[in-house]
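The values are calculated or read from the model by the stated rules, or taken from the named source; none is laboratory data. Bear in mind the structure is a predicted one, so any value in this text is a computation, not a measurement. Cβ atoms come from the backbone with ideal geometry, glycine included; neighbour counts cover every protein chain shown.
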Amino acid sequence: MQQLLMVFLGGGLGSMMRYGVGLLLNKESIPYGTGLVNILGSLLIGLFMGYHLKVNAQAFSQAQLAFLVIGFLGGFTTFSSFMYENLQFLFNEQYFRFFGYGLLSLVLGLMAVAGGYYLGRII
């Protein structure tokens with residue numbers, strides 16, 4: 001029950017932060033905020049899990065992992081928003097933005113999660 005509560009609290013906080021970043025950074029033409037939270041979220045999940053696994057899965061309690069990784073980062077990152085924004089690029093025949101934003105988000109997200117993971121393993 002404690003882990004469920006931690007997911008709930010973390011998810012609410014992460015969602016509010018994602019919404020705030022979107023308000024600040026999303027522009028009509030390019031959703032910068034969505035890209036930023038997805039890349040930052042990828043970096044953070046890699047960092048937390050890399051560090052956690054480095055110390056034999058004893059860095060964080062199950063409740064802390066539920067709050068940080070499942071709740072906060074799950075609420076903070078925005079795959080469904082990312083997909084919808086790409087669909088809008090397609091509907092508006094903005095093919096360069098569709099491919100550029102999609103590919104850049106995937107590549108930078110993968111680099112961020114790998115970088116965070118390796119950073120977590122060395123700290």
- Message: Please count how many residues of segment 62-74 are surrounded by fewer than 16 Cβ atoms within 10 Å (Cβ to Cβ) and at pLDDT below 90.
- Response: 0
- Hits in segment 1-54 - residues which are touching a residue at least 12 places away in the same chain (Cβ under 8 Å), out of contact with any Lys or Arg (no Cβ under 8 Å at 6 or more places or on another chain) and not in a helix (DSSP H, G or I): Pro31
- If you scan segment 55-86, which residues turn out to be in contact (Cβ under 8 Å) with a residue 40 or more places away in the chain and among the aliphatic types (A, V, I, L, M)? Ala63, Ala66, Leu68, Ile70, Leu73
- Looking at segment 102-123, which of its residues are under 14 Å from the mean Cα position of the chain (by Cα) and among the β-branched types (Val, Ile, Thr)? Val107, Val113
- Query: Residue check, Val37 against (1) surrounded by fewer than 16 Cβ atoms within 10 Å (Cβ to Cβ); (2) touching a Ser or Thr at 6+ places or on another chain (Cβ under 7 Å), all met but one. Which one?
  - Reply: (1)
- Return the residue satisfying two criteria in turn: it lies in segment 40-61 and is among the polar types (S, T, N, Q) and over 23 Å from Gly102 (Cβ atoms), and of such residues it is surrounded by the most Cβ atoms within 10 Å (Cβ to Cβ). Ser61
- Message: Being among the polar types (S, T, N, Q) and either within 20 Å of Val113 (Cα to Cα) or touching a Ser or Thr at 6+ places or on another chain (Cβ under 8 Å) (or both) is the filter here; which residues of segment 9-34 pass it?
- Response: Ser15, Asn26, Thr34
- List, please: which pairs have Cβ atoms under 6 Å, are six or more places apart or on different chains, and start with a residue in segment 91-106 that is part of a helix (DSSP H, G or I) and end with one that is surrounded by 11 or more Cβ atoms within 10 Å (Cβ to Cβ) and of a type in the set (A, V, I, L, M)? Phe98/Leu90
- Qualifying residue in segment 75-93 (condition: surrounded by fewer than 20 Cβ atoms within 10 Å (Cβ to Cβ), among the β-branched types (Val, Ile, Thr) and either under 14 Å from the mean Cα position of the chain (by Cα) or under 28 Å from Leu5 (Cα atoms) (or both)): no
